[in-house]
Amino acid sequence: MKGLFRWMFRMFIVGAAIAGLLIVFMLNPQILYAHTKTYKSISIFSKYQCPGRFNAIIDQSLDLISYSELYDSSFRFRLFLNDGSVFPTVSKTILGNAFAWGYSNNIVLNGTTDSSFGFISLNGYKRQLARTIAHEMMHCLQANRFGIFGSRPLKNIPYWKWEGYPEYISYRSSVHYNEDSLLIVNLGRLDSFKNHSYAPVEVDTDEGKSFAGLDYFRWWLMVKYCIDIKKMSFADMLKNEVGYEAIYTEMINWYANHRYSFSPPSGP
Ligand SMILES: [Zn+2]
């Protein structure tokens, strides 16, 4: 019996050591990337030299997140491009498939980017790249603000709030755009999917189309409704009394009363 306990203890120590090494590796994958460059508050890691035109994407991502109440100008991001490193494949095994992942200070791209860096593609779907990076940056800033124990996955915050908020920030329009019109147009699209439980959705933005799964699309609009129309903060939204069913019903009723009160957004 004593031998069995000793064996179990050893296995536990070995398991903990492997888990610890894996966490250190996931937090510090830069060893797998040959090139580094720093642009503004971001260190960019890549297999090949990162082209100068990528800076414009970073500019747009940083501009988007600067409007968030969670924005922290001293926060340093690390961005890992998917240009041939093995790390996205390793991450996919551990974290599940996604366009990109954001955790700690790291943003890891997994989808493939086009040469102009306008989009990131996964399984035939295309999301605007700068907005995808902004979404992942917001996950880093959520953990930065609320701490690891106050954030998903360790804290059970509803997905519609936790994922809807990064979508809200990343799909914000430029200053001259009518956000309420954008909300109405996209609520019209949501209405057309009301009999679906899952569907890929074309999101309307001030720059044209992007992509979201139906859940994320709904969560984005619910957060947009809470912040733009109800004038709530993200901190307000995190309170337990703000429930999914009540907000969804209220949003749909608001849409029914306002669907004809805005003209469709103009622009590209
Ligand atoms: Zn996310």
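The values are calculated or read from the model by the stated rules, or taken from the named source; none is laboratory data. Bear in mind that the values here come from a model prediction, so they are computed numbers and not experimental data. With ideal geometry, Cβ positions are generated from the backbone for all residues, glycine too; neighbour counts draw on all protein chains shown.
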(request) Restricting attention to helices (runs of 4 or more DSSP H) lying wholly within region 183-268, give those where 1 or more residues are exposed (fewer than 11 other Cβ atoms within 10 Å of the Cβ). (result) 244-258
(message) Contact list please: Cβ distance under 8 Å, first residue in region 1-23 and touching a residue at least 60 places away in the same chain (Cβ under 8 Å), second residue surrounded by 10 or more Cβ atoms within 10 Å (Cβ to Cβ), pairs at least six apart or on different chains.
(response) 22/94
(message) Among the listed residues 120, 44, 58, 94, identify the single one that is within 19 Å of the chain's Cα centre (by Cα) and either farther than 29 Å from residue 208 by Cβ or modelled with pLDDT under 90 (or both).
(response) 94
(message) Tell me yes or no: at least one residue of region 64-72 is at negative phi, buried (at least 16 other Cβ atoms within 10 Å of the Cβ) and free of Cβ contacts under 8 Å to residues at least 60 places away in the same chain.
(response) no
(message) Taking the condition of being within 12 Å of the ligand (Cβ to nearest atom), over 17 Å from residue 59 (Cβ atoms) and either among the basic types (Lys, Arg) or touching a residue at least 60 places away in the same chain (Cβ under 8 Å) (or both), how many residues in region 125-140 meet it?
(response) 2
(message) With the requirement that a residue be within 16 Å of the ligand (Cβ to nearest atom), free of Cβ contacts under 8 Å to residues at least 60 places away in the same chain and hydroxyl-bearing (Ser, Thr, Tyr), what does region 155-192 give you?
(response) 168, 171
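Table: residues versus (1) away from the ligand (no atom under 15 Å from the Cβ); (2) surrounded by fewer than 15 Cβ atoms within 10 Å (Cβ to Cβ).
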position	(1), (2)
85	yes, no
89	yes, yes
93	yes, yes
96	no, yes
100	no, no
105	yes, no
113	yes, no
119	yes, no
123	yes, yes
(message) Can you pull out every residue in region 158-177 that is out of contact with any Phe, Trp or Tyr (no Cβ under 7 Å at 6 or more places or on another chain), of a type outside the set (Ser, Thr, Tyr) and at pLDDT below 95?
(response) 175, 176
